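The values are calculated or read from the model by the stated rules, or taken from the named source; none is laboratory data. Because the structure is a prediction, the values reported are computed rather than measured. Heads up, the Cβs are rebuilt from the backbone with ideal geometry, glycines too, and the neighbour counts pull from every protein chain shown.
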Amino acid sequence: MAPAGTVADDGTIAVIGAGYVGLVTAAWLAECGRHVRVVETAPERLGMLRSHVAPIHESGLQDLLTTVMGDGRLTVTDDVGEAVRGAGITFVAVGTPPLPDGGADLRQVRDALGQLRRHVGPDAVVVIKSTVPPGTTQALIDASPRDRLKAPLVTCPEFLREGSALNDCRNPSRVVIGGDDVPARARVADLFHHLDTAVIQTDATSAEMIKYGSNAFLALKISFINELARLCELIGGDIDVVADGLGADPRIGRAFLNAGLGFGGSCFPKDVAALDEMAGFHGHSFWLLKAATEVNLQQRRRFVVKVQEALGGSLNGKRIAVLGLAFKPGTDDVRQAPSIDVIRQLVDFGARVTAYDPIAGPKAEPLIPQATICTDAYDCVRGADAVLLVTEWPEFEALDWSRIAGLVRRRLVVDGRNLLDERLLNDLGFTYLRVGRRPAKGARKRRRATAPLASPAVG
Ligand code: UGA
């Protein structure tokens, strides 16, 4: 419970930033019965939110916004002062995009705190929700009195997955709260008291390290299984069975052992790079992180090489259909998506690319102007020399593959996510290649002992 005499129990919470973390957190807090005021300054987002429209695609978010904005529990403004007036707790959930050197750009966090300095009194608590490198919150707490907030500062990193972010809010694996002001931490912990979950209270830097360590470790798992997948392609074995076998050991666990095109999105690539950059800044070479990133990049290149080899060594003039643009199913986010890299490489090699995604087409289009974005999967594959599966949307499994067999020019499917039914495709006359298993004999004859990594082929 919040200590008597504080304003934490007035039910009002301010959230600075209506991005994916800020807006989902705000909507969930409103769902829990709090009054929440969200600050958004980007005119397009603000306009949509003022019309109660979610500016991002996130499962269940639109319905929840309709409810909590409809009854006035969640309001939006572009005025920080108006939002934080009377709010017992203010979350800072602005972006921390990558800098060219891989480090996190903290300008938006600093700007937000600069504004809060003017408006937030000592009775409130300010919570850093943005992903900031370990040590950041403590440095802000230790800032000179001139730069310091009047309110105590704590960090409460998020562990939300895009596509299931609301569900993750409702059923978090854990809540982590870091800072040296114990009463302030307790007031934040009180927001989660009704959840059946562990609340870990610690110092700010440990809390931030938990956030980066979690993302980095999951990225390592993915790159590790992708390295094993490569070995399976060279030596034999089936990576999906291998992953099941490894994952059956509870010390390892099956999650994040799906071999494929590797990790993308706005978090893993950025956070791995930022942790590596930060380690380097402090004189430590974090080799595992460098390796995970390199393996992840190679995974995309190898996929293109696999397609190239399957088509006899050249992609020049070939018609390639790409199914899936989002960095993972359930989202329209294409940031650092494998699809973008893969399509750019295909185009560089002279291929003509069509692409389809259930929802991410409009977001991907400006990033890959050389590709034709289709609004229908069957249009996308018409006349294709190869169909590539890049994002494991369940609807791709449910496509009428016998119809596709009649539409393509050549019956070749290269599955970058091991989603499709091999037997079905083989019965329909497709050559089916996937990740982490040796290609069938006919296809193997054309392979070199060591495949070159993406050098442009002459047509
Ligand atoms: C990730 C973390 O899972 C969240 O806990 C964290 O809060 C979030 O980053 C963040 O820092 O904001 P997210 O980026 O939404 O969430 O996506 P994930 O579901 O973790 O997947 C990341 C990438 O790994 C995707 O490209 C996915 O295709 C890939 N992946 C995942 C694999 O290649 N193999 C797997 O077995 C699992």
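The set of residues in the stretch 257-279 that are near the ligand (Cβ under 7 Å from one of its atoms), surrounded by fewer than 24 Cβ atoms within 10 Å (Cβ to Cβ) and farther than 12 Å from Ala219 by Cβ comprises Leu257, Asn258, Ser266. Number of residues in the stretch 48-66 that are in contact (Cβ under 8 Å) with a residue 12 or more places away in the chain and assigned to a helix (DSSP H, G or I) equals 6. Taken over the stretch 206-241, the residue count meeting the criterion of being more than 30 Å from Val154 (Cα to Cα), among the acidic types (Asp, Glu) and either more than 14 Å from the ligand (Cβ to nearest atom) or in contact with a Gly (Cβ under 8 Å, 6 or more places away or on another chain) (or both) is 3.
Only residues that are within 18 Å of Leu46 (Cβ to Cβ) and surrounded by 18 or more Cβ atoms within 10 Å (Cβ to Cβ) were counted in the stretch 59-73, giving 4.
As a summary of the residue check, Gly247 satisfies the conditions (1) crowded, with 18+ Cβ neighbours inside 10 Å; (2) more than 8 Å from the ligand (Cβ to nearest atom) except for the one numbered (1).
Filtered by the rule that a residue be more than 13 Å from Phe91 (Cβ to Cβ) and part of a loop (DSSP other than H, G, I, E, B), the stretch 136-159 gives Asp142, Ala143, Ser144, Pro145, Arg146, Asp147, Arg148, Leu149, Lys150, Pro152, Phe159.
For the stretch 69-109, enumerate the residues that are out of contact with any helix residue (DSSP H, G or I) (no Cβ under 9 Å at 6 or more places or on another chain) and closer than 24 Å to Arg335 by Cβ. Those that are out of contact with any helix residue (DSSP H, G or I) (no Cβ under 9 Å at 6 or more places or on another chain) and closer than 24 Å to Arg335 by Cβ: Pro100, Asp105, Arg107, Gln108.
Restricting attention to the stretch 326-351, the residues that are at pLDDT 95 or above, assigned to a loop (DSSP other than H, G, I, E, B) and more than 12 Å from the ligand (Cβ to nearest atom) add up to 3. If you check Val408, Val413, Val390 for being of a type in the set (Val, Ile, Thr), crowded, with 23+ Cβ neighbours inside 10 Å and more than 24 Å from the chain's Cα centre (by Cα), only one passes: Val413.
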